[in-house]
Amino acid sequence: MNTADQYLKAIYLIQEQENGPAATGRLADALDVSPASANEMIGKLEGRGLADHEKYKGVSLTDEGIVRAREALRNYCIIERFLVEVLEVEEFRVEARQLESVIDDNVADRLDTIIDRESECPDCFDPEADVCTLLEAEYPLADSEAAD
Amino acid sequence: MSVTRQIRSDHQLARLLQIGMVLEEVVEARAAKHVQELDDEALDDEVRALLEHAAEESADHRRRLEALVAELDAESVPFDQIEALVEAQYGQTKPEDFDGVLYDQLYNEETAYKFYDDVIDAIEASEARFSIDRGRLVETLASIREEEADGVKEVTDLMEAR
């Protein structure tokens, strides 16, 4: 997933939680980047017709941006489920975040051919927990992980 | 969440190599499945040879990745595990016809090529010290990447010739 897709996914999830535009500061926090970097990428996304930025309100995705963000989110769900089902990784939440920048759409599609994913994906994704709710039900967060 | 593309540890590197192994195993298992599923009329000698060569090459790549994973003191992903998963999901993901098989093969080769390219970039951008020689690691991955590029050309040539 390239950097632009990671931004689109993060904006989408914040919009879902806020039910409105994503504030630049919150987006920067979510991605662990500086506000200046976030602003630069928002400008690029605007230029590509994927997002609209309104001063003092924040950034909203266009219809095309939403489609792209949902694809990125679907890829993220695939990475999480692949880590659990195939590689049996217990800390799949942490590792999915580490891997997402190197796993593009095509790799995710190939991994998708060997996992058992539900059709409601990516609507199954819980933005607050940063995990697929179906996966969360099967593999609840251990207390020790939650405390980290 | 982080937007960096760096690899910070042996563990992360091993995980990426394991994913590379899985991609190779998927190619190997799917190519074998295509040969098994398509009848002889649909599968001429040229395409059969292409799929068999792809499966052999993937098996070789898998073994080279497996050696690197072992050096990082991590577990390999057994081929029979991935073969069983491909078998279980094949009904929902199989190409519909002969053209679909060639597209599937092209997609496999292109996906693998781009994956190794991204992993090499991530290794080169990383300042981490790995317990495996970085030069040999990149050389191995670059050599596999070039064979994937040749694979893309082979499939494309065959598609254009038909």
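None of the figures in this text is laboratory data; all of them are computed from the coordinates on show. No experiment lies behind these values; they were computed from the predicted model shown. Neighbour counts run over all protein chains shown; Cβ positions are idealised from the backbone, glycine included.
In the stretch A:70-147, one over the average inverse separation of all distinct C-alpha pairs is 12.5 Å, which is the Kirkwood hydrodynamic radius.
Projected onto their three principal axes, the Cα atoms of the protein assembly as shown cover extents of 65, 43, 37 Å, largest first. Kirkwood radius, the stretch B:78-162, all distinct C-alpha pairs, inverse of mean reciprocal distance: 15.1 Å. Principal axis extents of the C-alpha atoms in the stretch A:34-113 (largest first, rounded to whole Å): 45, 25, 18.
By the equivalent-ellipsoid construction on the alpha carbon gyration tensor, chain A comes out with semi-axes of 27, 17, 13 Å, ordered largest to smallest. Using the Kirkwood radius over C-alpha pairs as Rh, can you work out the diffusion coefficient of chain B via Stokes-Einstein at 37 °C, viscosity 0.692 mPa s, in µm² per second? It comes out at roughly 198 µm²/s.
Backbone phi angles across the stretch B:55-70, fed through the Karplus curve with coefficients 6.51, -1.76 and 1.60 (θ = phi - 60°), yield HN-Hα couplings of 5, 5, 5, 5, 5, 5, 4, 4, 5, 5, 5, 4, 5, 5, 4, 4 Hz in residue order; Gly and Pro are listed as x. When all C-alpha to C-alpha distances in the stretch A:3-66 are sorted into bins of 5 Å, what percent of pairs does each bin hold, rounded to whole numbers? Pair shares across the bins are 4, 21, 37, 29, 9, 0.
Taking 19 Å as the cut-off, the amide N atoms of the stretch A:53-84 that come nearer than this to a point 7 Å along the Cα-to-beta-carbon line of B:Arg8 belong to A:80.
Straight Cα distances below 27 angstrom link A:Lys9 to the lysines A:Lys44, A:Lys55, A:Lys57, B:Lys114, with same-chain residues fewer than 8 positions distant left out. A simple spin-label model places the labels of A:Leu87 and B:Glu146 2.8 nm from each other, with each point 7 Å out along Cα-to-Cβ. With R₀ set to 25 Å, the beta-carbon distance separating B:Ala88 from B:His53 gives a calculated FRET efficiency near 0.45. With the simple spin-label model, which puts each label point 7 Å out from Cα in the Cβ direction, the B:Asp99 to A:Ala23 separation comes to 5.3 nm.
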